[in-house]
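Here is the structure we will look at, set down as structure tokens.
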Amino acid sequence: MSGALVIENDPSDDLRRLGDWLTEAGLDLTVLRPHAGDPLPETLDGFSALVVLGGGQNAYPDPGGEPGAPWFPALEGLLRKAVRHRVPTLGVCLGGQILAHAHGGLVERSTAGPEIGPGLVAKRDAADTDPLFKWVPLLPDVLQWHHDEITELPANATLLAASSRYPHQAFRIGDRAWGVQFHIECDAAMIEDWSRSDAATLAELGIDPEVLVAATSAVLADVEEVWQPFAVRFAALALGTLPDADIPQQSTGRTLPLLGH
């Protein structure tokens, strides 16, 4: 067994199905919950991977300069160290936004409005040589729930997936750090919980919570078909069993998006 450090930013967004997939693939998971007072380590010594989950906070500081959560500056420091030391890293939704922000990307309230529910994203050409994304289908099923978006990727990021309204759906920094705007960990119960806590947004968008949960349940098998093998490949990278030939060289520039807002 080899260990991955998991940062849970919000009690409403835990590892859920992603945790099952990673442990089944051989990763021992250490979950820290800074929202409950767990301190973050200064380094990733002793860990073979880093996973940062989502949450309701903003990845960017408020107008007064306060971070979205008190531990975000330390978390950004960990993410920079992960990239510098080539520790396999996965940021999911808010986690992906924090990864981008930590490396000079821009995260803002989306002018396209919230994106909620099942949907599709489109792979970009660079995904064809990516060790995790090259086996993902051209239009994979995903689950969405976000109000903010990455409006500008870090200069050293490679775009891997996009959509027409939100052009930065997945990206890689260096050769071992990935961020995704969408969710792959959710089950129907998690979406049902979010439907209650974010009921005002659903009402504003005209989304029936029961229909949303039913639609989520209908695509869970398709989501698993795509993202469970993705998680296995991430675990293999952390465990050192992914072939070196599948790992690209460090990226020095950004692959520009082919789709606009």
If you go through region 28-45 one residue at a time, do you hit one that is in a loop (DSSP other than H, G, I, E, B), at pLDDT 95 or above, loosely packed, with under 14 Cβ neighbours inside 10 Å and of a type in the set (Val, Ile, Thr)? yes
By residue number, the members of region 198-214 that are within 18 Å of HIS146 (Cβ to Cβ), more than 24 Å from the chain's Cα centre (by Cα) and of a type in the set (D, E, K, R) are GLU204
Hey, SER12 modelled with pLDDT of 95 or more, within 23 Å of ILE184 (Cα to Cα) and in contact with a helix residue (DSSP H, G or I) (Cβ under 7 Å, 6 or more places away or on another chain) or not: yes
Of the numbered conditions (1) closer than 27 Å to SER12 by Cα; (2) over 16 Å from the mean Cα position of the chain (by Cα), HIS146 satisfies every one except a single condition; which is it? (2)
When you look at GLY56, is it modelled with pLDDT of 95 or more, closer than 26 Å to MET190 by Cβ and surrounded by fewer than 19 Cβ atoms within 10 Å (Cβ to Cβ), yes or no? yes
Among the residues of region 102-116, which ones are of a type outside the set (A, V, I, L, M, F, W, C) and more than 22 Å from PRO11 (Cβ to Cβ)? HIS103, GLY104, GLY105, GLU108, ARG109, SER110, THR111, GLY113, GLU115
For region 6-27, name all the residues that are in a loop (DSSP other than H, G, I, E, B), surrounded by 22 or more Cβ atoms within 10 Å (Cβ to Cβ) and free of Cβ contacts under 8 Å to residues at least 60 places away in the same chain. GLU8
Could you tell me which numbered condition THR129 fails, if it satisfies all but one of (1) more than 30 Å from ALA203 (Cβ to Cβ); (2) of a type in the set (Val, Ile, Thr); (3) buried (at least 23 other Cβ atoms within 10 Å of the Cβ)? (3)
Residue within region 111-134 that is within 15 Å of LEU50 (Cα to Cα) and of a type in the set (Val, Ile, Thr) present: no
What do you reckon, is SER195 within 22 Å of ALA218 (Cβ to Cβ), more than 15 Å from the chain's Cα centre (by Cα) and not hydrophobic (A, V, I, L, M, F, W, C)? yes
Given (1) of a type in the set (D, E, K, R); (2) closer than 21 Å to GLY3 by Cβ; (3) exposed (fewer than 13 other Cβ atoms within 10 Å of the Cβ), ARG80 misses just (3)
Within region 158-201, restricting attention to residues that are touching a residue at least 24 places away in the same chain (Cβ under 8 Å) and of a type in the set (Asp, Glu), which residue is nearest to GLY19 (Cα to Cα)? GLU185
So which of PRO73, PRO88, PRO118 is of a type outside the set (A, V, I, L, M, F, W, C) and surrounded by fewer than 18 Cβ atoms within 10 Å (Cβ to Cβ)? PRO73
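The values are calculated or read from the model by the stated rules, or taken from the named source; none is laboratory data. Since we're looking at a predicted model, the values are computed, not measured. Note: ideal-geometry Cβ built from the backbone for every residue, glycine included; neighbour counts use all protein chains shown.
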